[in-house]
Amino acid sequence: TNPVKRIPKMGKVIDCSPGVFDKSDRERLRDAIKPKEPWLWLACEMLYYCAIRPGTEMRLLKVGDVDLERKTICIRADLAKNKTTEVVTFPAEFLSHLLSLNVDQYDKSLYLFGKNGCPSITPMGKNTMRNRFNHYRDMLHISDDKKFYSWKHTGAISAIENGATIYEVKDQLRHRSIMTTEEYLKKRVPKSGIAANKMD
């Protein structure tokens, strides 16, 4: 077999950005995942509401990093992509799910997403959440361009569509520059559409 046949031709542009879940996708995934694997659904919600990256940031998060009283999650510098300790907020909907899983009753030193699907001294495997999510996505016949990471993009778009400013979204995504947020949203959120609505 040709070992280089998958290398794109010079000048070819490939957009590998994950797709975005529509409302129907989100509801079907919730109904399939939450009853069977509530901790996996918690991970989906964490991506959606808090934009915490699913690799090192989420996988190595400790129970003690979650502050239920202040409704915040601390991403420690040793886990963060930008090597800076930062705090993100989450809404009441996410708090109710955390409480239903009795997160407040676990030892704060445990990994929030443990090896057995709940807080544990051993973190979940690197690809476990993604692989488990893909199982449900494929079972529901949702397009495979919509990935586990798509929850982050979907949450950002939902915030913008529901009136959040780009500056608020920047802070929630933990972008250092507003230009990064603008680039992030440019290919996911349409322009105003005013001209289109004025066409005969």
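The values are calculated or read from the model by the stated rules, or taken from the named source; none is laboratory data. A quick note: this is a predicted structure, and the numbers were derived from the prediction, not measured. Note that each Cβ is placed from the backbone with ideal geometry, even for glycine, and that neighbours are counted across all protein chains shown. Note: accessible area is taken over every heavy atom of the protein model, side chains too, but ligands, DNA and RNA are not part of it. Shrake-Rupley method; radii C 1.70, N 1.55, O 1.52, S 1.80 Å.
Here are some notes:
- Extreme residue, modelled with the lowest pLDDT, among residues of segment 179-200 that are more than 21 Å from Y49 (Cβ to Cβ) and assigned to a helix (DSSP H, G or I): I194
- Residue within segment 135-158 that is part of a strand (DSSP E or B) and over 14 Å from G64 (Cα atoms) present: no
- Of the residues making up segment 16-28, one or more are basic (K, R) and in contact (Cβ under 8 Å) with a residue 12 or more places away in the chain.
- Hits in segment 60-73 (condition: buried (at least 18 other Cβ atoms within 10 Å of the Cβ) and either in a strand (DSSP E or B) or of a type in the set (K, R) (or both)): K62, V66, I73
- Taking the criterion of being part of a helix (DSSP H, G or I), without any contact (Cβ under 8 Å) to a residue 40 or more places away in the chain, of a type outside the set (V, I, T) and farther than 17 Å from F90 by Cβ, the only residue of segment 30-59 that qualifies is D31.
- Restricting segment 84-99 to residues that are open to solvent by 30 Å² or more (accessible area, probe 1.4 Å) and part of a loop (DSSP other than H, G, I, E, B) leaves a set whose member that is modelled with the highest pLDDT is T85.
- The set of residues in segment 69-115 that are among the small types (G, A, S) and either in contact with an Asp or Glu (Cβ under 7 Å, 6 or more places away or on another chain) or farther than 26 Å from R30 by Cβ (or both) comprises A77, A80, S109.
- Of the residues making up segment 71-120, those that are in contact (Cβ under 8 Å) with a residue 12 or more places away in the chain, farther than 19 Å from C44 by Cβ and over 18 Å from the mean Cα position of the chain (by Cα) are D104, Y106, D107, K108, S109, L110.
- Just one of (1) open to solvent by less than 70 Å² (accessible area, probe 1.4 Å); (2) more than 16 Å from R59 (Cα to Cα); (3) assigned to a loop (DSSP other than H, G, I, E, B) fails for G117. It is (2).
- E27 vs. criteria assigned to a helix (DSSP H, G or I) and more than 19 Å from T128 (Cβ to Cβ): yes
- The C-beta contact set for segment 155-172 (first residue over 20 Å from S24 (Cβ atoms) and open to solvent by 100 Å² or more (accessible area, probe 1.4 Å), second residue in a helix (DSSP H, G or I) and not aromatic (F, W, Y), distance under 8 angstrom, 6+ apart or interchain) comprises Y167/I178; E168/A159.
- Conditions (1) in contact with a Phe, Trp or Tyr (Cβ under 9 Å, 6 or more places away or on another chain); (2) open to solvent by less than 60 Å² (accessible area, probe 1.4 Å); number of the one not met by K147: (2)
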